[in-house]
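Colleague: One structure coming up, written as structure tokens, with questions to follow.
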Amino acid sequence: MSYTHEDLAELQAKSLKMQGHIRRQTFSPEMEKSLRRFSSWEVSELIFKVNQSTFRGRLAADPSLPSGEVEEDGRQRWYTLDEINEIRRRMKVNRRSLMPKRPANKRAFRAAIANFKGGAGKSTVALHFAHAAALDGYRVLVVDFDPQATLSHSMGLNDVAEDYTVWGIMARDLIRETDRMNSASVAAESGVQLPTRKLPDSIRDMGLGELRNTDFIKPTAWSAIDIVPSCANAAFVEFASAQYRHLNPEWSFFAAVSRYLDSIPADAYDLVIFDCPPAIGYQSMNAVFAADMLYIPSGPGYWEYDSTTSFIGQLAEALEDLSHGFPAGNLKLPKVFTDIRFLMTRYEPGNDLHRAMFDAFRKVFEGHVAEHPIEMTRAVEQSGRFLSSVYEIDYRDMTRETWRRARATFDQAYEEFRDTILKAWDQLEDEA
Ligand SMILES: Nc1ncnc2c1ncn2[C@@H]1O[C@H](COP(=O)(O)OP(=O)(O)OP(=O)(O)O)[C@@H](O)[C@H]1O
Ligand SMILES: [Mg+2]
């Protein structure tokens, strides 16, 4: 037998048909992902952390507050995310505001979920943290840097044109930075006219230079979450970026997304979460460079420890390389993070080997290890079958105990993540 790229293409075509079928079954008939309502038990005890009867009392006392909807199973009321957020803005419990903490005059905090190890749990962590943060009242932008587009697909974005991905942001940045450098060298008072850097027409003709900031941002089924999505074009993006870098060697390619995020209004979002690809490359370096904090998920096995170790080594080298050889402009080099943390994933507390590995992580990385690992749970597999997170799955569709434990492990890990951010947020420069 002999096979070529044509056979691969044929296998893929079959697979895509199946994918479409799965999406039609799991999302609404229009293939649009939608978000369920949340019960008054979830809203009071899990989201606002107030006693359920206190919460019901407050709602009863003020009929102008959203009243949700009663579903078939009877007594509970179910609220949309927008209703929850309206209640959050308007209700106080024991004079305590339900709004999440956010320092004044700061831009959104940027956290990269990164590890070059494949399957470490990056996308699962990014998805669950984004959902947990949205339920906590934050406005979230997620950036999918991975051309596997796992996060984009799980957030319901399937047909994304490549112009509107991180690649588009990078290509636009190349055009704009090259123009800026050219006009700066003409304007230089030294009298020495620097050579003009030329970009081929083929790049300018793509029209990417004219794209607006908002063109890259798409809404999701969660009103509090937007996404800069990705699409499957891995090799292409990395090849194209290498070629572009060659066209203008002074272009600080790794800072493209950072510059893009700097140009978004400081108060548009609270948190920006990056899902990174399992490789070192142009996209992952952009993610790391734009991040205020690195959160590094790792599985509990020895080989995962091994590759996490090599990840931080490669990253250290790559960041060191970037800190020389580029015209500084307004870049701050070397890159500084407010925090670097390791998060153990797929952890089984009853497994001696996992416990030993967790201890080893703590011994080696000391204060850099998140205290709450994310436990291995069937709920991730079950909710993943519906292209959803544990937060999105209705607990009535699963064994209640499995759902609660899964939710608790993600909640604890998220709360630690949030508290780490709250400690570091003040270190960001004030916005004018
Ligand atoms: N806490 C968990 N419990 C059970 N299964 C999990 C858990 N976390 C992740 N998984 C499973 O492990 C697999 C890999 O997870 P995920 O896709 O999040 O990793 P990744 O690091 O993003 O992978 P890649 O490097 O390919 O981007 C998935 O099948 C996911 O469902
Ligand atoms: Mg992933």
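Bear in mind these aren't lab numbers, they're just calculated from the coordinates by the rules spelled out. Owing to the predicted nature of the structure, the values given are computational and were not obtained by experimental measurement. FYI the Cβ positions are ideal-geometry reconstructions off the backbone, even for glycines, and counts take in every protein chain you see.
Colleague: So for TYR138, TYR305, TYR391, fewest C-beta neighbours within 10 Å to most, what's the order? Before the final figure, lay out the partial values.
Modeller: Values: TYR138 22, TYR305 18, TYR391 26.
In order of increasing Cβ crowding within 10 Å: TYR305, TYR138, TYR391.
Colleague: Check which residues have an amide H placed less than 5 Å from SER39's amide H, if you skip close sequence neighbours.
Modeller: TYR79
Colleague: For a paramagnetic label modelled at 7 Å from the Cα of ASP352 toward its Cβ, which residues of the stretch 284-313 fall within the zone defined by backbone nitrogen distances under 17 Å?
Modeller: Under cut-off, by backbone N: 301-302.
Colleague: A follow-up question, please. I'd like to know how the chain sits against the 2.2 N^0.38 Å rule of thumb: what's its Cα Rg over that expected value? Write down the numbers at each step before the final one.
Modeller: Values: Rg = 23.3 Å, N = 432, 2.2 N^0.38 = 22.1 Å.
In units of the 2.2 N^0.38 Å rule of thumb, it is 1.05.
Colleague: What's the magnitude of the charge dipole for the stretch 36-99 around its Cα centre, counting Lys and Arg as +1 and Asp and Glu as -1 at the beta-carbon? Answer in Debye, nearest 20. Working shown, then result.
Modeller: Numbers: 13 positive and 10 negative charges, 102 e Å.
The calculation lands at about 500 debye.
Colleague: Still on this model: Label the stretch 206-310 by shape, choosing from rounded, prolate and oblate, from the square roots a ≥ b ≥ c of the eigenvalues of the Cα gyration tensor; if a/c is under 1.5 it is rounded, and otherwise prolate applies when a/b is larger than b/c, oblate when it is not.
Modeller: Values: a/c = 1.84, a/b = 1.18, b/c = 1.56.
Oblate.
Colleague: Would you list MET181, MET344 from fewest to most Cβ contacts within 10 Å? Mind dumping the intermediate values first?
Modeller: Details: MET181 18, MET344 27.
Placing the least packed residue first, the sequence is MET181, MET344.
Colleague: State whether the stretch 285-432 is rounded, prolate or oblate according to the following rule on the C-alpha gyration tensor (a ≥ b ≥ c being the square roots of its eigenvalues): a/c under 1.5 gives rounded; otherwise a/b larger than b/c gives prolate, and the remaining case gives oblate. Walk me through the numbers before you get to the answer.
Modeller: Details: a/c = 2.28, a/b = 1.63, b/c = 1.40.
Prolate, because a/c is 1.5 or more and a/b exceeds b/c.
Colleague: Further question on the same structure: Have a look at TYR395, TYR302, TYR79 and tell me which one the Gaussian network model of the chain (Cα, springs below 10 Å) gives the largest fluctuation.
Modeller: Ranking TYR395, TYR302, TYR79 by mean-square fluctuation puts TYR302 first.
Colleague: A further question follows. What ranking do 277-284, 418-425 get when scored by the average of other Cβ atoms within 10 Å per residue, highest first? Don't skip to the answer; put the middle values down first.
Modeller: On the way: 277-284: 21.1, 418-425: 16.6.
For the peptides 277-284, 418-425, the packing ranking is 277-284, 418-425.
Colleague: Rounded to whole Hz and in sequence order, give me ³J(HN,Hα) for the stretch 366-376 from the Karplus expression 6.51 cos²θ - 1.76 cosθ + 1.60, θ = phi - 60°, writing x for Gly and Pro.
Modeller: 3J(HN,Hα) across the stretch 366-376, in whole Hz: 6, x, 8, 9, 4, 5, 9, x, 8, 6, 5.
Colleague: Spelling out what I want: for every residue of the stretch 330-339, take phi, set θ = phi - 60°, compute 6.51 cos²θ - 1.76 cosθ + 1.60 (Karplus), and round to whole Hz; glycine and proline get x.
Modeller: Here the 3J(HN,Hα) series is 9, 6, 9, 10, x, 4, 10, 9, 6, 6 Hz.
Colleague: Okay, moving on. Quick check on the chain: helices-only [θ] at 222 nm, where DSSP H runs of length 4 and up contribute -39,500 (n - 2.57) each and the sum goes over total residues. Nearest 500, please.
Modeller: Values: 14 runs with 186 residues, N = 432.
So the calculated ellipticity at 222 nm is -13500 deg cm²/dmol.
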